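The values are calculated or read from the model by the stated rules, or taken from the named source; none is laboratory data. A quick note: this is a predicted structure, and the numbers were derived from the prediction, not measured. In this analysis, Cβ positions are derived from the backbone assuming ideal geometry, glycine residues included, and neighbour counts consider all displayed protein chains.
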Amino acid sequence: MVTNGHEDGHNHGDNAEYYSLRAQAMQALLIEKGVCTLADILTMADKIDSRSPEDGAKILAHAWVDPEYKKRLLADAEPAFLELGYDLPETSPKITVIENTDDVHSMAVCTLCSCFPRAIIGRPPAWYKGLAYRSRVVVDPRGVLEEFGTELDESVQVRVIDSSADYRYLILPKRPAGTEGMIEEELAKLITQESMIGVGLALSPESVKTI
């Protein structure tokens with residue numbers, strides 16, 4: 001099923017020129033109203049561009065080892081991000097963290113464009129923005145999972161979560177078996193970009209070289 005669709009009604013697809021002009025207009029208005037300066041905007045843009053999947057993996061690995069932190073992260077992600085030094089722009093869309101469990105597996109998509117939690121895990125992969133993924137994941141989520149090499153038991157409910165201009169989603173993958181003795185830095189290496197989108201699972205400890 002698809003939840004939390006594009007409530008803002010943005011239906012311009014991949015019209016890059018439209019979004020570029022819109023961004024320029026918003027930037028000019030913010031500066032004109034004294035909300036921020038051009039330097040403020042460029043500084044925040046550089047900060048977001050510096051983020052990568054490794055940042056998200058560190059946050060989620062910490063949730064694996066700290067149950068109380070995981071509760072806070074799932075309840076209200078942004079203050080939990082800040083606890084680990086990851087601050088979001090005031091204008092950033094709300095980011096929600098959704099946990100995958102033995103019973104429910106969630107995967108994120110933006111069916112109309114490429115909304116993505118860039119402020120935490122950087123730029124989306126090319127396939128995430130492509131029409132093939134955006135259209136097929138809704139009608140055949142298990143088929144898409146199989147194409148990524150992810151096979152789930154039929155008893156597991158698969159949910160497709162649709163991002164929007166206002167809401168973005170980060171998936172907390174299931175912690176793999178056999179990782180009880182691993183430290184946080186080692187666990188972070190098991191969390192891939194695909195697993196944070198939900199098309200993949202966290203890696204097994206045998207598949208990576210631990211530190």
Between a first residue in the range 112-129 that is at positive phi and assigned by TED's automatic domain parsing to the domain that holds ASP166 and a second residue that is of a type outside the set (Phe, Trp, Tyr) and surrounded by fewer than 20 Cβ atoms within 10 Å (Cβ to Cβ), which pairs have beta carbons less than 6 Å apart while being 6 or more apart in sequence or on different chains?
GLY122/ARG51; GLY122/SER52
Looking only at the range 63-105, and only at residues there that are without any contact (Cβ under 8 Å) to a residue 12 or more places away in the chain and in a loop (DSSP other than H, G, I, E, B), the one that is nearest to ALA165 (Cα to Cα)
THR91
Residue list for the range 63-110, filter: out of contact with any helix residue (DSSP H, G or I) (no Cβ under 7 Å at 6 or more places or on another chain), surrounded by 13 or more Cβ atoms within 10 Å (Cβ to Cβ) and of a type in the set (Gly, Ala, Ser):
ALA77, SER106
Would a scan of the range 152-161 turn up a residue that is modelled with pLDDT of 95 or more, within 20 Å of ALA57 (Cα to Cα) and either touching a helix residue (DSSP H, G or I) at 6+ places or on another chain (Cβ under 9 Å) or outside the structural domain of CYS110 (by TED's automatic domain parsing) (or both)?
no
Does SER155 satisfy being polar (S, T, N, Q) and either in contact with a Gly (Cβ under 7 Å, 6 or more places away or on another chain) or part of a helix (DSSP H, G or I) (or both)?
no
